[in-house]
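Remarks on the structure that follows.
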Amino acid sequence: QVQLVESGGGLVQAGGSLRLSCVASGRTFSSYAMGWFRQAPGKEREFVATISWSGDNTYYADSVKGRFTISRDNAKNTVYLQMSSLKPEDTAVYYCAARPIFITTLQSDYNYWGQGTQVTVSS
């Protein structure tokens, strides 16, 4: 069982930056691929970024590529999402998720989810 707790959300002006963190419980964090997803008001949850268990492989949604960076620190059981050049359309609840080993963009492939953290970008 893995429990995930996100933090770091908040209100920021367009063009600003935020760093989200997701701390995982459990001893096997380093064997899990991690993903970030988001859900804007009135929209379905969508993929944002994913990182392999080792941190060697990452993949991003086209909408955030070049602006967001996913990283992880296995010693701290933490995955990060550095968000820069934020836009109002980035406003959403951001969720982290975990699944064993392999990275994937599919929500249905993730076994564990956090409760989410709100990010609001004002224009």
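The values are calculated or read from the model by the stated rules, or taken from the named source; none is laboratory data. None of these values were measured; they are calculated from a predicted model. No Cβ is skipped: glycine too gets one built from the backbone with ideal geometry, and neighbour counts run over all protein chains shown. The accessibility values were calculated without ligands, DNA or RNA, using every heavy atom of the protein model including side chains. Shrake-Rupley method; radii C 1.70, N 1.55, O 1.52, S 1.80 Å.
Couple of notes before you dig in:
- Each residue in the range 35-73 was checked for being of a type in the set (A, V, I, L, M) and in contact with a Ser or Thr (Cβ under 7 Å, 6 or more places away or on another chain), and 4 of them qualify.
- Scanning the range 53-70 for residues that are modelled with pLDDT of 95 or more, surrounded by 14 or more Cβ atoms within 10 Å (Cβ to Cβ) and more than 14 Å from Leu18 (Cβ to Cβ) gives Thr58, Tyr59, Tyr60, Ala61, Ser63.
- Among the residues of the range 1-52, those that are polar (S, T, N, Q), open to solvent by 30 Å² or more (accessible area, probe 1.4 Å) and within 17 Å of Ala92 (Cβ to Cβ) comprise Ser7, Gln13, Ser17, Gln39.
- Where strands (runs of 3 or more DSSP E) fall wholly inside the range 54-123, the ranges with 3 or more residues that are more than 10 Å from the chain's Cα centre (by Cα) are 58-60, 92-100, 117-122.
- Counted residues, the range 97-112 - those being open to solvent by 70 Å² or more (accessible area, probe 1.4 Å) and either touching a Lys or Arg at 6+ places or on another chain (Cβ under 8 Å) or aromatic (Phe, Trp, Tyr) (or both): 2
- Qualifying residue in the range 80-96 (condition: closer than 24 Å to Ser25 by Cβ, open to solvent by less than 50 Å² (accessible area, probe 1.4 Å), modelled with pLDDT of 95 or more and of a type in the set (Gly, Ala, Ser)): no
- Filter result for the condition that a residue is in a loop (DSSP other than H, G, I, E, B) and of a type in the set (Lys, Arg), over Arg27, Arg38: Arg27
- Flag for Pro41 being within 16 Å of Gln118 (Cα to Cα) and modelled with pLDDT of 95 or more: no
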